[in-house]
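Everything below concerns the one structure shown next.
The values are calculated or read from the model by the stated rules, or taken from the named source; none is laboratory data. Note that the structure is a prediction, hence the values are computed from the model and not measured. Methodologically, a virtual Cβ is constructed for each residue, glycine included, from the backbone with ideal geometry; neighbour enumeration extends over all protein chains shown. These area figures cover heavy atoms from the full protein model, side chains too; ligands, DNA and RNA do not enter into them. Shrake-Rupley method; radii C 1.70, N 1.55, O 1.52, S 1.80 Å.
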Amino acid sequence: MSNIKLDITKAACFLETGAVKAFEPQVKAAQQAFEPQVKAAQQALEEGTCPGNDFLGWLHLPSSITPAFLDEVEASAQVLRENCEAVVVAGIGGSYLGAKAVIEALSNSFQWLVGDKSNPTILFAGNNIGEDYLAELTDYLKGKKFGVINISKSGTTTETALTFRLLKKQCEDQWGKDFAKKVIVAVTDAKRGAARTCADKEGYKSFIIPDNVGGRFSVLTPVGLLPIAVAGFDIKQLVAGAQDMEKQCGCGVAFEENPAAQYAAVRNGLYQAGKKIEIMVNYQPKLHFMSEWWKQLYGESEGKDHKGIFPASVDFTTDLHSMGQWIQDGERTIFETVISIEQPNKKVLFPNDEENLDGLNFLAGKRVDEVNKMAELGTRLAHVDGGVPNIRISVPELNAYYIGQLIYFFEIACGISGNVLGVNPFNQPGVEAYKKNMFALLDKPGYEADSKAIKERLKNE
């Protein structure tokens, strides 16, 4: 099978001249400038000498996944598929975004309305503290046979733990403890934490989140693989795509042939040139949550020490009618990375209309995707003319294999890019700030001093 392809010509040219000119010389110049930094950054990943080197388990994860392990995941998924009308994935951040991204990308856009009885409905919860959301979720599950995949290393993350407590009780109340034991699966730490203790006590089937894989890099562990398999998608093809991309982006691969190295180099070059915002663009609605996963991956990895490209996303052509004006004519601190699907899975021809009131008969007989592709090309040209560098990632088709390639491509490029930037790409110290304040305001035991201080502060404000 072919691979996803990267085109940096309409971005690298901005590094040399700040304007759109002949592309090839500028690409070569960009390679000369950034290749050494990228090579050193990737070598540091490979040798484990970079900051955060205790969280590099994702680096060669695809090639370490065995057929026997995938068979075990699929067998557990089949138990849920056979016994449940719905399965709730309880997790937050990297504990749900990867699975949701893949499932949304591969599912029928109208899955809820189609009523596909061959697969359980996959729901996501534990990623917010919305009371209405949880009330509506539990109402929906009344009378339904449902399972839960509880994804948490610690088992004490507030959003997920709160949701799991509700769902565990509802499942046991509706169908009894024996049924709940069969359809609740824990994806958690091997030995420690509340979720591990609960799983062992209740006798739940469990899978391990490796200690050296952070949440945002965990989609190719049971964190992502189990929900994706429950949804009915081919995790073996997903992993095969990631394995092939691991080879293509290996440390010994020449810079000119390594798409992840080139992506990391160009985006860091643009950042140094004042492009502080990267906008992930798709022209396929199914990729909306791939962008959400990408935003967490890069935002949480690079946003440290008052540095880092701000990751944003848009769905085109939809958002051309809202954000398009700003992107075309706003402050020139942005660049775009466009994911383009070469071949859609379905075919729709534009019909002829005798009255032609909308004036669109010139499109009659054309595939809708041809119109979409011309919108994409026209937009890229307009944005480049407007001073917006454009990177393009071309994906042959939307299937599990190529989604697997995309996942690993973005992961390795993120690790390289963070090292070039000079931060630890694998920690997230800033995430703890809101939790400390929240627990203090809720009078959580152990936070007495913080609680007193924050309440005094609010009184004075």
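Filter the stretch 338-373 for residues that are part of a loop (DSSP other than H, G, I, E, B), under 29 Å from residue 288 (Cα atoms), open to solvent by 80 Å² or more (accessible area, probe 1.4 Å) and among the aliphatic types (A, V, I, L, M) and give the result.
Scanning the stretch 338-373 gives a single hit, 348.
Residues of the stretch 387-432 being in contact (Cβ under 8 Å) with a residue 40 or more places away in the chain, of a type in the set (Asp, Glu) and either open to solvent by less than 10 Å² (accessible area, probe 1.4 Å) or not in a strand (DSSP E or B) (or both), which ones?
411
Taking only the stretch 95-121 into account, find how many residues are open to solvent by less than 40 Å² (accessible area, probe 1.4 Å) and aromatic (Phe, Trp, Tyr).
1
Taking only the stretch 441-461 into account, find how many residues are among the aliphatic types (A, V, I, L, M) and under 22 Å from residue 93 (Cβ atoms).
Summing the residues that are among the aliphatic types (A, V, I, L, M) and under 22 Å from residue 93 (Cβ atoms) in the stretch 441-461 gives 2.
Given (1) in contact (Cβ under 8 Å) with a residue 12 or more places away in the chain; (2) in a helix (DSSP H, G or I), identify the lone condition not met by residue 381.
(1)
Of the residues 222, 210, which is open to solvent by 30 Å² or more (accessible area, probe 1.4 Å), closer than 30 Å to residue 41 by Cα, in contact (Cβ under 8 Å) with a residue 12 or more places away in the chain and not β-branched (Val, Ile, Thr)?
It is 210.
So which residues in the stretch 242-266 are open to solvent by 40 Å² or more (accessible area, probe 1.4 Å) and part of a helix (DSSP H, G or I)?
Once the filter is applied, which keeps residues that are open to solvent by 40 Å² or more (accessible area, probe 1.4 Å) and part of a helix (DSSP H, G or I), the stretch 242-266 yields 243, 244, 247, 248, 256, 257.
Looking at 269, 274, which is the one that is buried (at least 18 other Cβ atoms within 10 Å of the Cβ), of a type in the set (Gly, Ala, Ser) and over 14 Å from the mean Cα position of the chain (by Cα)?
Answer to the check: 269.
Checking residue 238 against (1) more than 14 Å from residue 408 (Cα to Cα); (2) in a helix (DSSP H, G or I), which test does it fail?
With (1) more than 14 Å from residue 408 (Cα to Cα); (2) in a helix (DSSP H, G or I) applied to residue 238, the lone miss is (1).
Output yes when any residue across the stretch 145-159 is open to solvent by 40 Å² or more (accessible area, probe 1.4 Å), farther than 24 Å from residue 220 by Cα, assigned to a loop (DSSP other than H, G, I, E, B) and touching a residue at least 12 places away in the same chain (Cβ under 8 Å), and no when none is.
yes
Determine, yes or no, whether residue 234 is open to solvent by 10 Å² or more (accessible area, probe 1.4 Å) and within 17 Å of residue 72 (Cβ to Cβ).
yes
Restricting the search to the stretch 290-323, which residues are in contact with a helix residue (DSSP H, G or I) (Cβ under 8 Å, 6 or more places away or on another chain), under 30 Å from residue 107 (Cβ atoms), open to solvent by 10 Å² or more (accessible area, probe 1.4 Å) and among the small types (Gly, Ala, Ser)?
312, 313
Anything in the stretch 42-80 that is part of a helix (DSSP H, G or I), farther than 15 Å from residue 206 by Cα and in contact with a Phe, Trp or Tyr (Cβ under 9 Å, 6 or more places away or on another chain)? List them, or say none.
53, 54, 55, 61, 62
In the list 179, 124, 164, which residue meets the criterion of being among the aromatic types (Phe, Trp, Tyr), crowded, with 19+ Cβ neighbours inside 10 Å and in a helix (DSSP H, G or I)?
When all the criteria are applied, what remains is 164.
Take residue 335 and decide whether it is in contact with a Leu (Cβ under 8 Å, 6 or more places away or on another chain), of a type outside the set (Gly, Ala, Ser) and crowded, with 17+ Cβ neighbours inside 10 Å.
Yes, satisfied.
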